[in-house]
1. Looking at segment 1-35 only, could you name the residues that are at pLDDT 95 or above, of a type in the set (Gly, Ala, Ser) and not in a helix (DSSP H, G or I)?
2. Those residues that are more than 13 Å from LEU167 (Cβ to Cβ), in contact (Cβ under 8 Å) with a residue 60 or more places away in the chain and not small (Gly, Ala, Ser), I need them from segment 134-151; list them, please.
3. Show me the helices (runs of 4 or more DSSP H) entirely contained within segment 215-287 in which 3 or more residues are open to solvent by less than 70 Å² (accessible area, probe 1.4 Å), out of contact with any strand residue (DSSP E or B) (no Cβ under 6 Å at 6 or more places or on another chain) and of a type outside the set (S, T, N, Q).
4. Is it the case, given these coordinates, that TYR8 is under 21 Å from ALA162 (Cα atoms) and either without any contact (Cβ under 8 Å) to a residue 24 or more places away in the chain or touching an Asp or Glu at 6+ places or on another chain (Cβ under 9 Å) (or both)?
5. Give just the number: which of (1) crowded, with 17+ Cβ neighbours inside 10 Å; (2) over 15 Å from HIS118 (Cα atoms) does ASP15 not satisfy?
6. Evaluate the following for VAL86: is it among the hydrophobic types (A, V, I, L, M, F, W, C), open to solvent by 10 Å² or more (accessible area, probe 1.4 Å), touching a residue at least 12 places away in the same chain (Cβ under 8 Å) and not in a loop (DSSP other than H, G, I, E, B)?
7. If I filter segment 39-62 down to residues being of a type in the set (A, V, I, L, M) and under 17 Å from ALA119 (Cβ atoms), which single residue comes out as most open to solvent (accessible area, probe 1.4 Å)?
8. Taking GLY102 and the conditions (1) under 24 Å from VAL38 (Cα atoms); (2) open to solvent by less than 20 Å² (accessible area, probe 1.4 Å); (3) not in a loop (DSSP other than H, G, I, E, B), which numbered condition does it fall short on, given that it satisfies the others?
Amino acid sequence: MKPPRFDYHAPATIDEAVALLGRYGGDAKVLAGGQSLVPLLNFRLTRPAALIDVNRIAPLAYVREDNGTVAFGAMTRQRTIEFSPVVARRLPLLAEATRWVGHLPIRSRGTIGGSLAHADPSAEYPAVLTALDGEVVAQSSRGRRTLRADTLFETYLTTRLAADELLVEVRLPAMPAGSGYAFEEFARRHGDFAIIGVAAMVVRDGARCVTARLATAGAGPVPLRLREAEAMLERDGLGEPAIEAAAARAAELVTPDGDVHATAEYRRHLTGVLTARALRRAVERAR
């Protein structure tokens, strides 16, 4: 397997990378970690005129906490996130989800920006971004703009980033102190793409649920916030009957496709099962 011919560029600055994207008019691909792009190239499922390798742009790799938000440079490696004390303290849901990402070599090269820009609906990071109401920052020759999670993802492997835009930053609101969280996922083998994944966060006040967040991976063309299930928990509390009812509603809310890995009905069933599991673990952790 060999990739098609392409021009190769390794810009040293964000402005250079953005200029190159504009020059190729949508016929260029950004090379970040390469864990998804390189296989697509080798199978010739994508044939860009150019690759723009952003690995030499050092300012694109960082983890910063500022005023209740944790910001990540788009080139921040998943392995960095996995062991970041800031992430462990302020975004434990992201830390847990990261451990489900592929295998060690993949997490060592893969980046948070690359995962979100690739927009695989089975991936963990799009689900976490959706659950926590995160946003990304994109830069082009026209300047910068912000896209929220609910507008970033359009369909399978497609975002609303313009062809000349470079994803430069990811922002996630820090989770409330004492909140419970869990990421549950089912795959045929460890490291495979999720058949279904569920991200959950709850903030409790005794038996009362102050805030609930639920989002899926693998249950449709984009990650889905299960808002009606969240509302049930915020209304009825965090007891077992409420969890069971919210999980049943979660299964009703998704409209997954069937494929060689699982039927649509099986994915709906898994959504309910994993939602219940995630909520039970989240409630146990909530203080």
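The values are calculated or read from the model by the stated rules, or taken from the named source; none is laboratory data. Computed from a predicted structure; not experimentally measured. Every residue, glycine as well, gets a Cβ built from its backbone with ideal geometry; the counts of neighbours run over all protein chains shown. These area figures cover heavy atoms from the full protein model, side chains too; ligands, DNA and RNA do not enter into them. Shrake-Rupley method; radii C 1.70, N 1.55, O 1.52, S 1.80 Å.
1. Once the filter is applied, which keeps residues that are at pLDDT 95 or above, of a type in the set (Gly, Ala, Ser) and not in a helix (DSSP H, G or I), segment 1-35 yields ALA10, ALA12, ALA28, ALA32, GLY33, GLY34.
2. Hit for segment 134-151 is ASP150, nothing else.
3. In segment 215-287, 240-253, 264-285 are the helices (runs of 4 or more DSSP H) which contain 3 or more residues that are open to solvent by less than 70 Å² (accessible area, probe 1.4 Å), out of contact with any strand residue (DSSP E or B) (no Cβ under 6 Å at 6 or more places or on another chain) and of a type outside the set (S, T, N, Q).
4. Yes; evaluated as a whole, the condition is true for this residue.
5. (1)
6. It is true that VAL86 is among the hydrophobic types (A, V, I, L, M, F, W, C), open to solvent by 10 Å² or more (accessible area, probe 1.4 Å), touching a residue at least 12 places away in the same chain (Cβ under 8 Å) and not in a loop (DSSP other than H, G, I, E, B).
7. Among those that are of a type in the set (A, V, I, L, M) and under 17 Å from ALA119 (Cβ atoms), it is LEU45.
8. Here GLY102 clears every test but (3).
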